[in-house]
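Since the structure comes first, as structure tokens, the remarks are kept for the end.
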Amino acid sequence: MPEDERNPYSAPKVPVADPTLVPVERPRAVTRAVRLLWISLLIAVAGAIDSFETPPDWVSEVLVFFSNVLWFGLAACFIFKLSRGRRWARTAYLIVAIFSYGLLAMYWGETVERIKDEPYQIAILLSSAATELIALYLLFTKPANDWFALPARLPGP
């Protein structure tokens, strides 16, 4: 018996490799959903910039600015990862959206009261929400589910 067969520290005899990436075209539903999410994010950023009110002190101003940057940056990261077929990003985006819409529902009266003098802000809010909800629907259709379930794929266009 050769020395290599009994040595537990020898290199494995089984070939070890990363999974082969399969070129699978991204479904149109996912492509459209990603585009809609980018549009929704841009609408939300425009609305946030337009509705920004200077807080009473500079600490609050910095806090509001950085929380917006963090929030929109996280959304952009999720959208980018979604476009690359990451299933966890789809789930995380859905959870964040449910949380956001829950907060919106809880504070709907205050939100409307704050922006009632600016009707275009309500239009921005509703258009961003509608765009995002359509995109979320598209991300959970059968073609999208099948594509996200693949173990390894090349990213689509």
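Please treat every number below as a calculation from the coordinates, not as lab data. Values in this document were obtained by computation on a predicted structure and should not be read as measured data. Methodologically, a virtual Cβ is constructed for each residue, glycine included, from the backbone with ideal geometry; neighbour enumeration extends over all protein chains shown.
What to note about this one:
- Helix axis angle, 87-106 relative to the chain longest principal axis, alpha carbon, degrees: 20
- If a spin label sat at a point 7 angstrom from the Cα of A149 along the line to its beta carbon, no backbone N atom of the stretch 75-93 would be nearer than 12 Å.
- Net lengthening on full extension, F52/L104 (0.36 nm per residue, minus Cα-Cα): 17.0 nm
- Counting beta carbons within 10 Å around each of K116, K81 and listing the fewest first gives the order K116, K81.
- Label-point separation in nm, N68 to L133, each point 7 Å along Cα→Cβ: 2.5
- Hydrodynamic radius by Kirkwood, which averages 1/r over all alpha carbon pairs of the stretch 72-119, in angstrom: 12.3
- Ordered by the count of other Cβ atoms within 10 Å of each Cβ, fewest first, V16, V59 give V16, V59.
- Within the chain, helix-based [θ] at 222 nm, where runs of 4 or more DSSP H residues each add -39,500 (n - 2.57), nearest 500: -23500 deg cm²/dmol
- If you look at the Cα atoms of the chain, you get an Rg and a Dmax of 22.8, 87 Å.
- Model label points for A17 and V112, set 7 angstrom from Cα along the Cα-to-Cβ axis, are 6.2 nm apart.
- Order of R90, R28 - criterion: other Cβ atoms within 10 Å of each residue's Cβ, fewest first: R28, R90
- When you restrict to C-alpha pairs under 8 Å that are six or more residues apart and normalise by the size of the chain, the relative contact order lands at 50 percent.
- In a fully extended conformation the segment linking I95 and K142 would gain 15.0 nm over its present Cα-Cα distance, using 0.36 nm per residue.
- Tilt relative to the chain, helix 58-83 - C-alpha long axis, 0 to 90 degrees, to 10: 40
- Assuming charge only on the beta carbon of Lys and Arg (+1) and of Asp and Glu (-1), the dipole of the chain about its Cα centre is about 860 debye to the nearest 20.
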